[in-house]
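**Student:** Below is one structure. I have some questions about it.
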Amino acid sequence: MKKYNLSSVMGAAWRIFRKGVQSFAVALRMAWANAKAHNVAKAEAGVSEETHTWTGWRDLGYEVIHESKALYRAILSDPATKSGTRVTCYFGASQVQPITM
């Protein structure tokens with residue numbers, strides 16, 4: 001059984017809700033669907049290392065090494081886009097380095 005970070009799912013639900021989704025229940029369903037889609041994409045790619053988006057690594061104090069290719073992509077729900085979905089790229093810990101000033 002896959003464990004999910006409930007705090008991040010709830011935070012994602014609030015972010016989706018603030019984008020104008022009709023109800024919080026719909027936003028919460030979208031957040032759960034996104035969490036599951038991310039885990040399925042990671043499992044299908046056979047990735048076991050820690051992964052984040054480019055922005056996620058930057059927020060943690062790392063930068064993605066130039067010309068690194070994403071380990072995998074996940075199609076996630078996003079009410080702010082015209083199509084209602086977005087493709088998100090994930091990079092692994094082996095593809096980043098600490099940000100130097």
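The values are calculated or read from the model by the stated rules, or taken from the named source; none is laboratory data. The model shown is predicted, which means the values in this text are computed figures rather than measured ones. No Cβ is skipped: glycine too gets one built from the backbone with ideal geometry, and neighbour counts run over all protein chains shown. What goes into the accessible areas is simple: the full protein's heavy atoms, side chains included, and nothing from ligands, DNA or RNA. Shrake-Rupley method; radii C 1.70, N 1.55, O 1.52, S 1.80 Å.
**Student:** Calculated from DSSP H runs of 4 or more alone, at -39500 (n - 2.57) each and per residue, what is the 222 nm mean residue ellipticity of the chain, nearest 500? Don't skip to the end; give the middle numbers.
**Tutor:** On the way: 3 runs with 41 residues, N = 101.
Calculated from helices alone, the mean residue ellipticity at 222 nm is -13000 deg cm²/dmol.
**Student:** Whole number in Å², please: accessible area per residue of region 5-101, 1.4 Å probe, ligands, DNA and RNA not counted. Provide the component values of the computation, followed by the final result.
**Tutor:** On the way: 6380 Å² over 97 residues.
Computed with neighbouring chains in place, this is 66 Å² per residue.
**Student:** Rounding to the nearest 20 debye, state how big the charge dipole of the chain is about its Cα centre with +1 on each Lys and Arg Cβ and -1 on each Asp and Glu Cβ.
**Tutor:** Values: 13 positive and 7 negative charges, 103 e Å.
My answer is approximately 500 debye.
**Student:** What list of ³J(HN,Hα) values in whole Hz, one per residue of region 21-37 in order, does the Karplus curve 6.51 cos²θ - 1.76 cosθ + 1.60 (θ = phi - 60°) give from phi, with Gly and Pro shown as x?
**Tutor:** Going residue by residue, I get 5, 4, 8, 5, 4, 5, 4, 5, 4, 5, 5, 5, 4, 5, 4, 5, 4 Hz, with x marking Gly and Pro.
**Student:** Between TRP54, ALA25, THR100, whose Cα lies farthest towards the positive end of the dipole of the chain when Lys and Arg beta carbons carry +1 and Asp and Glu beta carbons carry -1, centred on the Cα centre?
**Tutor:** ALA25
**Student:** If you don't mind, another one. With the full set of protein chains in place, find how many percent of the accessible area of the chain is carbon and sulfur; take the probe as 1.4 Å. It would help to have the intermediate numbers written out before the result.
**Tutor:** Details: 3910 of 6970 Å².
Ligands and nucleic acids excluded, carbon and sulfur reach 56 percent.
**Student:** Around ILE99, what is the net charge, scoring Lys/Arg as +1 and Asp/Glu as -1 over all other residues with Cβ under 11 Å from its Cβ?
**Tutor:** -1
**Student:** May I ask for the net charge around CYS89, where only other residues with Cβ less than 11 Å from the Cβ of CYS89 are counted and Lys, Arg are +1 while Asp, Glu are -1?
**Tutor:** On the way: positive: LYS69, ARG73, ARG86; negative: none.
Charge balance near CYS89 sits at +3.
**Student:** OK, next. Once Rh is set to the Kirkwood radius over Cα pairs, what Stokes-Einstein translational diffusion coefficient, in µm²/s, holds for region 46-101 at a temperature of 4 °C and a viscosity of 1.567 mPa s? Each step should come with its number before you reach the end.
**Tutor:** On the way: Rh = 12.2 Å.
Translational diffusion coefficient: 106 µm²/s.
**Student:** Under 5 Å between amide hydrogens, which residues at least 5 positions from TYR62 or on another chain qualify, with H placed 1.01 Å from N in the peptide plane?
**Tutor:** The list, which skips near neighbours in sequence, is ILE99.
**Student:** So which of LYS19/LYS42; LYS2/LYS36; LYS42/LYS82; LYS2/LYS69; LYS19/LYS69 end up more than 18 Å apart, counting from Cα to Cα? The partial results should precede the final answer.
**Tutor:** On the way: LYS19/LYS42 26 Å; LYS2/LYS36 9 Å; LYS42/LYS82 26 Å; LYS2/LYS69 26 Å; LYS19/LYS69 30 Å.
The pairs that break the limit, which is 18 Å between Cα atoms, are LYS19/LYS42; LYS42/LYS82; LYS2/LYS69; LYS19/LYS69.
**Student:** Follow-up. For region 3-90, take N as its residue count and report Rg(C-alpha) divided by 2.2 N^0.38 Å. Can you show the working numbers first?
**Tutor:** Values: Rg = 13.7 Å, N = 88, 2.2 N^0.38 = 12.1 Å.
My calculation over the Cα atoms of region 3-90 gives 1.13.
**Student:** If amide H atoms are built 1.01 Å from N in the plane of the peptide, which residues on other chains or at least 5 residues away come under 5 Å of the amide H of VAL96?
**Tutor:** For VAL96, the qualifying residues are ILE65.
**Student:** Please list, ordered by chain and number, the residues whose modelled amide H lies under 5 Å from the amide H of TYR72; skip anything fewer than 5 residues away on the same chain.
**Tutor:** Amide H neighbours of TYR72: TYR90.
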